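Working notes, beginning with the structure itself.
The values are calculated or read from the model by the stated rules, or taken from the named source; none is laboratory data. Computed from a prediction, not measured in an experiment: that's the story for all the values here. Every residue, glycine as well, gets a Cβ built from its backbone with ideal geometry; the counts of neighbours run over all protein chains shown.
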C-alpha cells in the first residue's frame, strides 16, 4: 500500500505547488490615446498601484497589503494585459475578444467610457468572464440582466440624487433661491443617460427645466448652445461633458460672457486632471460631483498612503477622481479572486456576488462594497467639490466639507 500511496501523495503535493504558483491574469481596458488619454493613463497607474500593493508586502492596513501575492491562491501574483480603446466601442470590443480568446484572461476590468464598457462587456458576458467596472456611470449598465458584470462606482442616477439633495439643502438655508435648471449634455450613451436622468429627477422634485440641450460628442463649436443657455439664464446649469467638450464650453462661455450662477457638473471632463491644468482661473467656482477628493485624507488616512505609491507609478501625479475609483474597483476584484481561491471565472463570479467590504478598507467615502442582484454596488456615496483658488475643495455633504460654498460663482469679470 505504501508504494501506491506515496506516489499519489507526491503527485498531489506537486499539483498543490503548481496551483500555488498559478498567475492570475486580468484584462485592463482604458483610453490611452485620444482626448481623454491622461484619464486612461492615470487609471492604469491606479491599477499598477493596486498590483504593487497586492503582489508585494506593504505596511498598510487594508486587505491583501501585508502579504505578497494572493494568500487565498497560495501567494499567486496578479498580472495585467492592458488594452487601449481610444474611446471607440468597436475597438473596445476587439480588444476584449483578443484578451479573452488569445491572452486567456480570467477577468476583465475597465473601461471609463460607458459606451465602451457597455459594448465590450457584452463580449465578456457571452464568454462568462467576470467584468468589474470602477468608473463608468451610465445607469443602463446594470439594468441589462447581466450575471458577470459588477460595478463599484455610483451611477449617474445616484450622483444626480446627490446633486438634488445639495440643492434642497441649499434652498432650506437660502430662501429657495434655486428654482430653474438648464441641462446640456453630449450625445453618447453616458451623456444622454445623464441628461435624461437629470431632466426626469428635476421634474419629480418640482424644479422647472427651462432648457435642455443635446450636442454632438467632440463637437468643435458650442456657440448657439451657449447663447440659448445665456438667454434663459437658469438658476443652476447641469452639464455632462467629456474633457474636450468641457474645455470648449468654458472658453466659449467666456467669449460670450455667459455667467451661470451655479454650475454643477456630472464629473467626467470636469475632473480630468487636464481640466484645471488647462483652464486655470477660468474654472473658479465650478462644482462637480465626485466620489473622491484628496482633502478627504483628513478623515480617510489610507488616501495618503496609497497616494504615495500611486505617485511612483504615475510620474509624480496625485490621485484624482477616476484613478481613485479605478484603484477601488480593482482592489474589489482582487479581493473576490482571493476569496474564490481560484482562477475559475465561475468561482470568481460567485465570490463577487458574496463580496462584502467595509468602508475602513477603502480610499473613497463609500459605505463599503456589496453588490446587489443587478451587479451594482449597494453601498456607494459621492461628494460635491468646488474649484476654489485653483484646487478642488469638498463642499458637500456639509459634514464632510473642507470649504464653504462660494455662491454665486465668480463672474468672468471677476476672474484673472
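Which of the residues belonging to segment 374-392 are surrounded by fewer than 21 Cβ atoms within 10 Å (Cβ to Cβ) and more than 22 Å from residue 142 (Cα to Cα)?
Residues of segment 374-392 surrounded by fewer than 21 Cβ atoms within 10 Å (Cβ to Cβ): 374, 378-379, 381, 388-391.
Once the filter is applied, which keeps residues that are surrounded by fewer than 21 Cβ atoms within 10 Å (Cβ to Cβ) and more than 22 Å from residue 142 (Cα to Cα), segment 374-392 yields 388, 389, 390, 391.
Name the residues in segment 185-211 that are buried (at least 16 other Cβ atoms within 10 Å of the Cβ), within 18 Å of residue 113 (Cα to Cα) and touching a strand residue (DSSP E or B) at 6+ places or on another chain (Cβ under 8 Å), would you? Break it down into steps so the answer makes sense when it comes.
Here is the first cut: in segment 185-211, the residues buried (at least 16 other Cβ atoms within 10 Å of the Cβ) are 185-186, 188-199, 201-202, 207, 209-211.
Applying the additional criterion that residues be within 18 Å of residue 113 (Cα to Cα) yields 185-186, 188-197.
Result: 185, 186, 190, 191, 192, 194, 195.
Yes/no matrix, rows are residues, columns are (1) crowded, with 23+ Cβ neighbours inside 10 Å; (2) under 18 Å from the mean Cα position of the chain (by Cα):
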| position | (1), (2) |
| --- | --- |
| 36 | yes, yes |
| 47 | yes, yes |
| 59 | no, no |
| 71 | no, no |
| 85 | yes, yes |
| 91 | no, no |
| 95 | yes, no |
| 114 | yes, yes |
| 123 | no, no |
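Just give me the residues in segment 19-32 being surrounded by 14 or more Cβ atoms within 10 Å (Cβ to Cβ) and either at pLDDT 95 or above or in a loop (DSSP other than H, G, I, E, B) (or both), in sequence order.
22, 24, 25, 26, 27, 28, 29, 30, 31, 32
Keeping to segment 131-187, report how many residues are part of a helix (DSSP H, G or I), closer than 27 Å to residue 217 by Cα and out of contact with any helix residue (DSSP H, G or I) (no Cβ under 8 Å at 6 or more places or on another chain).
4
So which residues in segment 224-269 are modelled with pLDDT under 95, outside any loop (DSSP other than H, G, I, E, B) and closer than 19 Å to residue 388 by Cα?
Within segment 224-269, 268, 269 qualify.
Which residue is nearest to residue 324 (Cα to Cα), if the candidates are limited to segment 367-379 and must be at pLDDT 95 or above and in a loop (DSSP other than H, G, I, E, B)?
First, pick out the residues of segment 367-379 that are at pLDDT 95 or above: 368-379.
Still in the list and also in a loop (DSSP other than H, G, I, E, B): 368, 370, 372-375, 378-379.
Working: 368: 14, 370: 18, 372: 22, 373: 25, 374: 23, 375: 20, 378: 18, 379: 16 Å.
Ranking the qualifying residues of segment 367-379, first place goes to 368.
Looking only at segment 315-360, filter to residues that are part of a helix (DSSP H, G or I), touching a strand residue (DSSP E or B) at 6+ places or on another chain (Cβ under 7 Å) and closer than 30 Å to residue 270 by Cα; which one of those is modelled with the lowest pLDDT?
Going through the qualifying residues, I end up with 321.
Using the structure shown, decide if residue 239 is in contact (Cβ under 8 Å) with a residue 40 or more places away in the chain and closer than 17 Å to residue 409 by Cβ.
Against the criterion (in contact (Cβ under 8 Å) with a residue 40 or more places away in the chain and closer than 17 Å to residue 409 by Cβ), residue 239 qualifies.
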